[in-house]
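**Student:** This is the structure I want to talk about, given as structure tokens.
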Amino acid sequence: MRSKKELAVELQKLKVFDKPKFNLEQYPTEADIAADIIWDINLKLSEEITVTDLGAGTGILGIGSAIMFAQKVYFVEKDKDAIKILQENLDCYEGINYEILEGDINFLMKLPKSDIVIMNPPFGTKNEHLDTQFLERAFTIANKVYSLHKTSTKDFLKRFGLKHGFEIVDEKEYEFPLKQTMNHHKKRIEKIEVSLLVWEKNN
Ligand code: SAH
């Protein structure tokens, strides 16, 4: 890939959820945003690393990582329908080293360690505290975590992270389009403020 734009165009080709499940908060990361995040991570890397995509969905974050810098990607996802599409997406690439771990992040017993976790977890709007459960699990997998959250929850999450020995070392704001698919009276697209939080383990 020669540019962030080229990466975005590549990621745009991936299939997304057929019928997003709102109870699982299935909102895919837009290709432009995924490319921006992955491009920035890649710029700071000097070697290949292992990556866990927690709540991988159809896999855009993990696949983007594999294209740019990951020597191996662990995709963790509980929804079988999402995993089917993830598998179709992976089948379009040769040479990606990956493992799909099917299950609920709260019940999967053992998850392998990796260098970084990259995730767009549920924001915890439908399932209260699912965002912090994802973070807590991510903190057990890697010493560096890239996670997307509603900007309005940042201060709360910052305190949560500190309690678990992790601090925010960088952040970036994005706007997520939230299509009003649930409400047929409103056709407009609402935007929500989302922050990429970069966490590192305290010494
Ligand atoms: N990472 C993908 C998908 C984001 S949507 C992307 O960026 O496009 C959040 C994903 O988390 C969905 O695929 C949903 O099925 C999954 N998920 C929700 N609750 C989960 C749980 N408890 N354990 C594992 N995966 C879960």
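**Student:** For the condition open to solvent by 10 Å² or more (accessible area, probe 1.4 Å) and either within 11 Å of the ligand (Cβ to nearest atom) or over 26 Å from L162 (Cβ atoms) (or both), what is the one hit in F134, F75, F139?
**Tutor:** Answer to the selection: F134.
**Student:** Step by step: first the residues of region 34-50, then only those that are within 11 Å of the chain's Cα centre (by Cα) and among the β-branched types (V, I, T), then the one that is surrounded by the most Cβ atoms within 10 Å (Cβ to Cβ). Which residue is that?
**Tutor:** Among residues in region 34-50 that are within 11 Å of the chain's Cα centre (by Cα) and among the β-branched types (V, I, T), the one surrounded by the most Cβ atoms within 10 Å (Cβ to Cβ) is I38.
**Student:** On the basis of being in contact (Cβ under 8 Å) with a residue 12 or more places away in the chain, more than 13 Å from the ligand (Cβ to nearest atom) and buried (at least 18 other Cβ atoms within 10 Å of the Cβ), does S65 make the cut?
**Tutor:** So S65 fails the test.
**Student:** Next question, about the same structure. When region 1-41 is examined, which residues are found to be part of a loop (DSSP other than H, G, I, E, B) and among the acidic types (D, E)?
**Tutor:** D18, E25, E30
**Student:** Oh, and also: Filtering region 105-127 down to residues that are touching a residue at least 24 places away in the same chain (Cβ under 8 Å), surrounded by fewer than 16 Cβ atoms within 10 Å (Cβ to Cβ) and over 22 Å from T50 (Cβ atoms), which residue is farthest from the ligand (Cβ to nearest atom)?
**Tutor:** In this case the residue turns out to be T125.
**Student:** Output the residues belonging to region 143-173 that are within 14 Å of the chain's Cα centre (by Cα) and more than 21 Å from F22 (Cβ to Cβ).
**Tutor:** Those that are within 14 Å of the chain's Cα centre (by Cα) and more than 21 Å from F22 (Cβ to Cβ): K144, V145, Y146.
**Student:** Continuing with the same structure: Go through region 132-149 and give me each residue that's assigned to a helix (DSSP H, G or I) and over 9 Å from P121 (Cα atoms).
**Tutor:** Within region 132-149, T132, Q133, E136, R137, A138, F139, T140, I141 qualify.
**Student:** So L162 passes all but one of these: (1) surrounded by 19 or more Cβ atoms within 10 Å (Cβ to Cβ); (2) not in a strand (DSSP E or B). Which condition number does it fail?
**Tutor:** (1)
**Student:** List every residue pair whose Cβ atoms sit under 8 Å apart, with the two residues 6 or more apart in sequence or on different chains, where the first one lies in region 140-168 and is under 16 Å from D115 (Cα atoms) and the second, anywhere, is outside any strand (DSSP E or B) and of a type in the set (K, R).
**Tutor:** I141/K113; A142/K113
**Student:** In region 1-31, which residues are surrounded by fewer than 18 Cβ atoms within 10 Å (Cβ to Cβ) and within 7 Å of the ligand (Cβ to nearest atom)?
**Tutor:** K21
The values are calculated or read from the model by the stated rules, or taken from the named source; none is laboratory data. Worth saying up front: this structure is predicted, and the values here are computed from it rather than measured. So basically every Cβ, Gly included, is an ideal-geometry build from the backbone, and we count neighbours across all protein chains shown. Remember, those area values only see protein heavy atoms, side chains included, never the ligands or the DNA or RNA. Shrake-Rupley method; radii C 1.70, N 1.55, O 1.52, S 1.80 Å.
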